[in-house]
Amino acid sequence: MDFSVITNNLSYFLLGAWPHGPLGGAALTLVLSVCSALASGVLGLVFGVALAMTHGAAHQALVLFLGFFRAIPVLMLIFWTYFLLPIVFGFNVPGVGTVIVALSLIGGSYLAHSVYAGIRSLPPGQWQAAAALGLGRVQALRYVILPQALPIMLPSFLNQWIALIKDSSLAYVIGVGELSFVATQVSNREMVYPTEIFLFVALLYFLICSSLELGAGAIARRYGTAAKPT
Amino acid sequence: MIKKFRLAAVIALSALAGVAHADRLDDIQKTGVLRVAAFDSNPPFGFVDPQSKQISGLDVDYAKELAAKLGVKLELVPTNPANRIPLLAANKVDIVLANFTITEERAKQVNFSIPYFASGQQFIAKKGVLKSADQLGSLRIGVDKGTTNEIVLREKYPTATLVAYDDTPFAFTALRNGNVQAITQDGPKLIGLLANVPDKQNYEIPPFSISDDLIGAGLPKGETRLTEYVNDFLRELEASGKAQQIYDRWFGPDTKTPLTRIFRIGDK
Amino acid sequence: MIVIENVSKWYGKTRVLDHCSTRIAQGEVVVVCGPSGSGKSTLIKTINGLEPFDEGRIVVNGVSVGAPGTNLPKLRAHVGMVFQSFELFPHLTVIENLALAQVVVLGRSRDEARTRGQGYLARVGLDGFADRLPAQLSGGQQQRVAIARALCMDPVCMLFDEPTSALDPEMVGEVLDVMVELAGEGMTMVCVTHEMGFARKVADRVIFMDQGAILDDCAGEAFFGDPDGRPERARQFLARVLPH
């Protein structure tokens, strides 16, 4: 093993061509992940709450809509958004935007069901008690249901976000220079160090994912205790 | 399979949407940006330079000259072989300069400039494995997805076992690991590849080729003015001697990949 | 104060309320009893609209509960309800449980809501428990907090849905004491309960239900003092629940 290929190209792995070109590498993976984690979280909350608050046809339509995004592979959605939207609607989404939109929609659809399940997991008596005090459904959701449901949902969010970090590597299909893409470029130029390069890439993904897990664990310990019966 | 399906979908929809609106040459001059799809993993045509961290190579030099002639900024979009036509169809780039072999099939979907490079489809194998083209029918051969090499090999040697990879370096890794017994690509690309391999003494490029390929610039279907502009540009480049300079920079006698120039722009 | 006229309700094909009618006057304490599954809880929950009904009419304090335009949250804000399983909000402290609806629904300031909350906590005998979490309280204490929470809203009447059924026997008394005290202050109360001792002590009226129908509706003294005047089902029920 010869890890000089890593040290020689370290800044390219971490930052891409930046500052003399667009940001890439691990930094772009982080940017893609953070943006799509936030957006998927918001979408998941909005759609999950919508699932919990709707009935009948509207509910079914929403389930279908979310089912669509859960059913298509991330790779397909990225590819379709990037290449087909401009052709069909004359609407051009840049590569980075495409990846964030695709990851957010798919992550958001998964999270919506987690949020819905979290809301449903609370006893119906909590809704009734809130209603009996004169709270409307939105107020009940905001002050009574979500504060209890969100800590329950945290592990689902974490799982989804970790999956999302790894899925950001699918950006390669449209040439977005995130970590695995720049690693492939270097590997293809250097030819004989794929083991070293992809071991290093795996280590970077591991570091990113486990720091998210540690961070979330710390947050859960800090704020989670108040919500838990002792 | 997936890639083929995707490509078909892109083509079908681009046909539906209709291709001709504004003139692309005007658009480029108006926006002041020329968007070029180039390889990022295929030395010496297009690869990421370790020092500058920018995509460079023979195709990129052509792109730079074209942008300079147009007086606009150059924006390089990295591509693999399979994305070349979708990038044009989806109006993500104005021109493909990525070792793009001119074929009739592709000419139904894109415009081609006059050829600016010629090569033949050749093979790399471990030393002593591949002596003549007759053996090809009995070998496992690595090819790049979405290239003409794949199609030609299937037609001429239907009994060969083909394994498709995303890119030449992947195919070469498969060769190193013994997954395939040979890989095929355009000769100059294989020479460029072999030049970067530390243990190149173990491999050889047998001295035969199974096709004559002409390489041209790919342009959006129906963009006649832009195509003519690029043709004029290529002819000028040859006349001024710049085409020779570019060639020598990558394939000249002092390079890692010396290769005699057998084709000049305008020959065909 | 509360008018219930010919109210019926079905779950699919099962009739759970069968032409129920009664009137409850200001300051009256009414106990609803009957075997389990008789529809008592369903009936009491139709009064504040937690359970919709299919036929009939319910008017509370001049507001028709089932009418399409009725602002149910506004109505419920002034109809206190206490549940069998307390339903305190487990993520909030006791005082926050008491203050939440006052602030969010009635628009009181946080300070005002807390001050009132403290007052009602003292009345139910839980001074000093303001900053505990519900999970740190006994069942009886939790139910008293729930009563205080309802009282903070200045209710025009109070609905109790089996408030002591989920409690350990030794905690039943502390909750009933609070309810007796409340009755003594003239609060209009509708209580679904099996506590016949409590009923005998405070009920102005007793309603007996079976299979969704109101079979008996009479003064408390009559219900306990005149077994012969009771319908057959009510007599059987009384014979089982009253101590021998």
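What to note about this one:
- Hits in region B:197-232 - residues which are closer than 18 Å to B:A118 by Cα and of a type in the set (F, W, Y): B:F208
- Scanning region B:81-109 for residues that are open to solvent by 20 Å² or more (accessible area, probe 1.4 Å), within 8 Å of another protein chain (Cβ to nearest Cβ) and among the polar types (S, T, N, Q) yields a single hit, B:N91.
- Within region B:56-69, the set of residues being open to solvent by less than 20 Å² (accessible area, probe 1.4 Å) and more than 27 Å from A:L10 (Cα to Cα) comprises B:Y62, B:A63, B:L66, B:A67.
Conditions tested, residue by residue: (1) charged (D, E, K, R); (2) outside any helix (DSSP H, G or I); (3) open to solvent by 10 Å² or more (accessible area, probe 1.4 Å).
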{"residue": "C:C191", "(1), (2), (3)": "no, yes, no"}
{"residue": "C:R200", "(1), (2), (3)": "yes, no, yes"}
{"residue": "C:D216", "(1), (2), (3)": "yes, yes, yes"}
{"residue": "C:A222", "(1), (2), (3)": "no, no, yes"}
{"residue": "C:R233", "(1), (2), (3)": "yes, no, yes"}
{"residue": "C:Q236", "(1), (2), (3)": "no, no, yes"}
{"residue": "C:A239", "(1), (2), (3)": "no, no, yes"}
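- Region B:38-50 - residue that is assigned to a strand (DSSP E or B) and facing another protein chain (nearest Cβ under 9 Å) and, of those, surrounded by the fewest Cβ atoms within 10 Å (Cβ to Cβ): B:F47
- When each of A:P155, A:P151 is tested for being open to solvent by 10 Å² or more (accessible area, probe 1.4 Å), within 22 Å of the chain's Cα centre (by Cα) and either within 14 Å of another protein chain (Cβ to nearest Cβ) or under 30 Å from B:A82 (Cα atoms) (or both), the lone residue that passes is A:P151.
- Filter pass, C:F89 being under 27 Å from C:A166 (Cα atoms) and within 14 Å of another protein chain (Cβ to nearest Cβ): yes
- Filter pass, A:A218 being among the small types (G, A, S) and either open to solvent by 20 Å² or more (accessible area, probe 1.4 Å) or facing another protein chain (nearest Cβ under 9 Å) (or both): yes
- The single condition among (1) surrounded by fewer than 22 Cβ atoms within 10 Å (Cβ to Cβ); (2) touching a strand residue (DSSP E or B) at 6+ places or on another chain (Cβ under 9 Å); (3) outside any helix (DSSP H, G or I) that C:L17 does not meet is (1).
- Of all the listed residues (A:V63, A:V34, A:V49, A:V42), the sole one being under 23 Å from A:I162 (Cα atoms), more than 12 Å from chain B (Cβ to nearest Cβ) and free of Cβ contacts under 8 Å to residues at least 40 places away in the same chain is A:V34.
- Filter result for B:K53 (open to solvent by 10 Å² or more (accessible area, probe 1.4 Å) and either modelled with pLDDT under 95 or under 21 Å from the mean Cα position of the chain (by Cα) (or both)): yes
- Against the conditions (1) within 26 Å of A:N188 (Cβ to Cβ); (2) surrounded by fewer than 24 Cβ atoms within 10 Å (Cβ to Cβ), B:A133 satisfies every one except (1).
One line per residue, one yes/no per condition, for (1) without any contact (Cβ under 8 Å) to a residue 60 or more places away in the chain; (2) open to solvent by less than 10 Å² (accessible area, probe 1.4 Å); (3) out of contact with any strand residue (DSSP E or B) (no Cβ under 7 Å at 6 or more places or on another chain):
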site	(1), (2), (3)
B:I191	no, no, yes
B:A195	no, no, yes
B:P198	yes, no, yes
B:S209	no, no, no
B:D213	no, no, no
B:K221	no, no, no
B:R225	no, no, yes
B:I265	no, no, yes
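- For C:V103, the test of being touching a residue at least 60 places away in the same chain (Cβ under 8 Å) and either of a type in the set (V, I, T) or at the interface with chain A (Cβ under 10 Å from one of its Cβ atoms) (or both) is failed.
- C:D161, sole failed condition from (1) modelled with pLDDT under 95; (2) buried (at least 22 other Cβ atoms within 10 Å of the Cβ); (3) among the acidic types (D, E): (1)
- Residues (part of a helix (DSSP H, G or I) and either in contact (Cβ under 8 Å) with a residue 24 or more places away in the chain or closer than 14 Å to A:L204 by Cβ (or both)) located in region A:8-30: A:L10, A:S11, A:Y12, A:F13, A:L14, A:L15, A:G25, A:A26, A:A27, A:L28, A:T29, A:L30
- Some residue of region B:22-37 being within 13 Å of chain A (Cβ to nearest Cβ) and buried (at least 24 other Cβ atoms within 10 Å of the Cβ): yes
- For the residues A:Y82, A:Y116, A:Y143, the requirement of being aromatic (F, W, Y), farther than 30 Å from A:G24 by Cα, more than 14 Å from chain C (Cβ to nearest Cβ) and out of contact with any strand residue (DSSP E or B) (no Cβ under 6 Å at 6 or more places or on another chain) singles out A:Y116.
- Yes/no for B:Y116 being away from chain A (no Cβ under 14 Å) and touching a Gly at 6+ places or on another chain (Cβ under 8 Å): yes
- Here C:F208 qualifies as open to solvent by less than 40 Å² (accessible area, probe 1.4 Å), under 26 Å from C:N48 (Cβ atoms) and in contact with a Gly (Cβ under 7 Å, 6 or more places away or on another chain).
- C:L43 meets all of the listed conditions (1) in a loop (DSSP other than H, G, I, E, B); (2) more than 8 Å from chain A (Cβ to nearest Cβ) but one, namely (1).
- Filter result (assigned to a strand (DSSP E or B) and within 11 Å of chain A (Cβ to nearest Cβ)) within region C:135-157: none
- Residue match in region B:230-250 (condition: within 21 Å of B:V36 (Cα to Cα), within 14 Å of chain A (Cβ to nearest Cβ) and either open to solvent by 40 Å² or more (accessible area, probe 1.4 Å) or in contact (Cβ under 8 Å) with a residue 24 or more places away in the chain (or both)): no
One line per residue, one yes/no per condition, for (1) free of Cβ contacts under 8 Å to residues at least 60 places away in the same chain; (2) assigned to a strand (DSSP E or B):
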site	(1), (2)
B:V36	no, yes
B:K53	yes, no
B:Y62	no, no
B:E65	no, no
B:A68	yes, no
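- From the options C:L43, C:L75, C:L88, residue that is more than 22 Å from C:Q143 (Cα to Cα) and in contact (Cβ under 8 Å) with a residue 24 or more places away in the chain: C:L75
- Applying the criterion of being at positive phi and at pLDDT 95 or above to the residues of region C:58-97, the residue that is surrounded by the most Cβ atoms within 10 Å (Cβ to Cβ) is C:E87.
- A:A130 vs. criteria within 14 Å of chain C (Cβ to nearest Cβ) and modelled with pLDDT of 95 or more: yes
The values are calculated or read from the model by the stated rules, or taken from the named source; none is laboratory data. The structure displayed is predicted, hence computed values, not measured ones. Virtual Cβ from ideal backbone geometry, glycine too; neighbours counted across all protein chains shown. Accessible surface areas use protein heavy atoms only, side chains included; no ligands, DNA or RNA. Shrake-Rupley method; radii C 1.70, N 1.55, O 1.52, S 1.80 Å.
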